[in-house]
Every structure is written in structure tokens, then in C-alpha cells.
1. Given a Förster radius of 25 Å and the C-beta distance between residue 96 and residue 326 as r, what FRET efficiency does 1/(1 + (r/R0)^6) yield to the nearest 0.05?
2. Let me have the 222 nm mean residue ellipticity of the chain computed from DSSP H runs of 4+ only, each contributing -39500 (n - 2.57), with the sum over all residues rounded to the nearest 500.
3. Quick one: which of 313-322, 114-123, 221-230 comes out on top by average Cβ neighbours within 10 Å, and what's the full order, highest first?
4. Roughly how tilted is helix 330-365, in degrees to the nearest 10 and between 0 and 90, from the longest Cα axis of the chain?
5. If you look at just the Cα atoms of the range 288-354, how large are its Rg and its Dmax in Å?
6. Name the shape class, rounded, prolate or oblate, that the alpha-carbon gyration tensor gives for the range 237-353, where a ≥ b ≥ c are the square roots of its eigenvalues, rounded holds for a/c under 1.5, and otherwise prolate holds if a/b is larger than b/c and oblate otherwise.
7. What is the angle, in °, between the Cα long axis of helix 387-396 and the longest principal axis of the Cα atoms in the chain? Nearest 10 is fine, range 0 to 90.
8. I want to check the label-to-label distance for residue 49 and residue 65. Put each point 7 Å from Cα in the C-beta direction and report it in nm to one decimal.
Amino acid sequence: MRYDQARWTEDEDRYEPLLAEKRSTTVDVGGTESALPEDLTRESLTLPDLSEPELTRHYTRLSAMNYGIENGPFPLGSCTMKYNPSFTEDVAALPSASVHPDRSKASVQGTLELLYRLQEYLGRIGGMDAVTLQPPAGAAGEFTGILIAKAYHENNGNDRTEVIVPDSAHGTNFASAALAGYDVVSLPGGEDGRVDLDALTAAVGDDTAALMLTNPNTLGLFERDITEIADIVHDAGGLLYYDGANLNALLGRARPGDMGFDVMHYNVHKTFATPHGGGGPGAGPVGVTEELTEFLPEPRVRRTDEHGNGFELFTPERSIGRVHGYQGNWLVLLKAYAYIARLGDVGLRDASAKAVLNANYLASQIEYDVPFGPFHHEFVASATNDAADIAKRMLDYGVHPPTTKWPEAVEQALMTEPTEIENRRTLDQLAKAFNAVTAEDEAMIETAPQRTAARRIDQATAARTPRLSWQALDEHDEQ
Ligand SMILES: *Cc1c(COP(=O)(O)O)cnc(C)c1O
């Protein structure tokens, strides 16, 4: 007998029935007085009739139809899919953590202090002078940061129209700049995978509002010329925006603020510990230098007096306004706070060391072409087969595949980020899966995965028209 993930299709022994299909009882509910219209009432009701163990096993089996960080390594490059230690969940589950956002400020001084401390921690980690905790995701942080840059230029009487984004940047960078009303100028990468200074010099000008950059970049390469890059942008009157998705490569070692960045977002779910939000609830705090502080969203938290006896909310002088309700996603922020406080300076430095060591070790163990390097927290390997096929087959080996076909600078890209949480044994298991797949024949790879709940799905359609219930699935089958 072998064990496979459950399936929705009614084949083999793998079909996991709905609860009511397992066993159900029909209960008589007729004859009672009801104020509801007749067509909304019924005489009998069919309910699942199962024991607690049966119920638990059903949901446990369903939960195993997906692949998560609890199942094994998840080296999805740029996404930083790492395990969130459960103590952060414990902290968020404390009864005192559930505070209604409308409570009087006097009664939530502890909550405000904690938010204040998180602002301070993040400012220190990023080398930024002030931080807002409001944005609910990294992408929302980008949008907020670009709105701040826009407010800054407008306040200086400058009508700048362009934001420059390297062509290897995350799609959200282009979208955030466009949503803020800017023309997006795509910057081609240099031969070494980094920013080409000549191309940058040619691209900047009086219209440049900002350059958006992540460092290390999406190829896992540190932008060694970052101070020159900052000078080029600043000399043209533009601002330098830091996409913080890769900050776990630098934690406790280097700070965007010291590199010349003026505004940045933090992906707390990538760098610190909170679950990935799928668009939310997450958090993408934004840090800025002194000269941009007055434009931050409201409300921010500050001490009521120099002696630190109390905390209050306030609106920065030229605030761009609100970007989220209340103080942002409080419980997500609480988890990030707990993680930073628990690890401390030494722990954060250790996290970045391991993130970088793990990426370079794994890159050295796989039998693929790995252009560029040396790497920080991630690397991009090049597959000889179709990268998406390789990725699908890796699922059959019990590991999550890397990000595929991005960035485009690498042919059939496999963008791999093992993260700091994995040990050598797991990295070896990952390398084994990479190497086993590339040694297989094409027919096997092209039809993979064989052993998962869902086989090849139409990913674009699944994302654009998701059917999120089994009823929708049934309706579809009937068509
Ligand atoms: C994940 C990511 C983002 C967007 O962050 P979200 O929190 O997912 O909205 C932006 N840039 C890079 C490089 C990323 O990897």
C-alpha cells in the first residue's frame, strides 16, 4: 500500500469524500413555527454523522492536499517562505492582544508602546529616521513610499513624472509606480546582473522622481556600486527607494539608510516572522529619512513627553493621509515585534549569515548552470529543460519548487531561496531533488506531478477565475 495525497476526483482509493458523503443522518426539523418565508424553511436536514476522530482525520487529510512550510523546504526565490516560530502566534493569541481599535488611548498605552518600539526597531534595522506601520503588505508599502516621494517633490514645487525600475525588479514595483501616476522607465540590467551605471546615467534626468531598487537584487547579487547609484539619482534630484523584500540578506550587517536610500518598505512576512498574507493580512511598514518624515501616513505613534510617560497618536504635518484603517494590522505587527525582540541584535545578524550561507551552499551542490554570483540570500539557476516542468516534478520529490522563469536575465530561471531556517540535511535533500529531476527523461518531467492532489492546473485561469468551493467545481463539471 502506498500513501498519496487525497484527490477530488473519484478515482482509486485517493478520493476523500465530503463529510456528508462519509455518513449522514437525516434529522426531522419540520413542524416548528418560523418567521421565515416558506421557501427558506425545510422539513428535514441531512447532517454529517461522524465521530470526532473521523472529523479530525478528514480535515488533517485535506490539509495535506497542499504543500506548506510545515511539510518541507519551500525555496521560492524572492518570496522568502520561511517557517514562523509558533511563539509569535502564542503572543498574538494572548487575551490582552485583542484590543478593540476604538478603545480610549489611555486604556491601550501598552499597545501603543509596543507599536512605538516596533517603529524604533525597524528604523534602527533599516537606518531610517521614521517609520509608519500602516501599509498592509510589501506592495502597499511600495505604493505608500512612492506617494511619499511624490508629496515630497510636489512640496518642493517639482513636477517630476518618471520612476525608474530595473527590468529585473518585482512586478509590484512597476505597478506601484504606475498606480501613483508615474511613467515607469524600465532600466536594462548590466552584463554582471547588476545596475549598469551608464544606462542609469542615461535614464535619469529632471523628470526622475525616484529609482526603485532592491539590494541584494532579485538575482541575489549585491549592488556593489550602490553609493555611486545613490549619487547619480540624488544629483538628478530624484529619491532612492529600497524594496525591502531581500532585507534578510543584510540584517544586522548593512542598512539601506547608510547606502543612500531615502525611503523603503519592510516585508515583515519575509524578513521577520509573520505568515505570508496572499495580499493581506500582512504588513509592509515604510521607513523614511528625516526630510520625508512629515509626509508619512497618519496616525503615527509618539511619546507624549520626553520622559516617556505615555504614548499617543499624531498626524505628521504634511501627511499623505491614511493608507489603512486604524494602526495597521496590529496582530501581524505584534508577531514581527515578538520575533525581533526575541532574536535581538545577535540573532538578526545570525539570520542573515545563515540566509547567505545556505544560498551559496545549495548553489554549489546542484548540477545546474548557476550564472553570476557570489550570492546573498538567493541564486538563480538555469535549467536545460523547461523550468516550469522541473518545478512540477520537484513536487513529486516532496519539496516545493523554486520560483520559475523570473528574472528574465537567466534562461529558464529557477530562482532559489532556501532561507535561514534550513539546516544542512534539508539543503542536501533539496539538492538531491534538483539533481534527480534534471537526470530524468523528458516524458516524465513533462507529465509531472504524479503524486500530488492537483496535477497540472491552468495556473493563469486558476488565479484569474478562482472557484473556491466544491459547488463551483460541480457546476463547472456539469457545463
Ligand atoms: C514579495 C516582493 C514584493 C511584494 O511584497 P508583498 O508583501 O508580497 O506585497 C516586492 N518586491 C519583491 C522583490 C518581492 O519579493
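Throughout, read-outs are computed from the coordinates displayed, never taken from laboratory work. Source: prediction; values computed, not measured. Don't worry about glycine lacking a Cβ; one is built from the backbone with ideal geometry, like all the others, and counts go over all protein chains shown.
1. Details: r = 17 Å, r/R0 = 0.70.
Once the sixth-power term is evaluated, E becomes 0.90.
2. Working: 16 runs with 175 residues, N = 479.
That comes out to -11000 deg cm²/dmol.
3. Working: 313-322: 13.9, 114-123: 19.9, 221-230: 18.0.
The densest-packed peptide leads the list: 114-123, 221-230, 313-322.
4. 90 degrees
5. Reported Rg and Dmax, both Å: 15.3, 41.
6. Values: a/c = 1.43, a/b = 1.23, b/c = 1.16.
It comes out rounded by the Cα gyration axes.
7. Tilt of helix 387-396: around 50 degrees.
8. For the pair residue 49/residue 65, the computed spacing is 2.5 nm.
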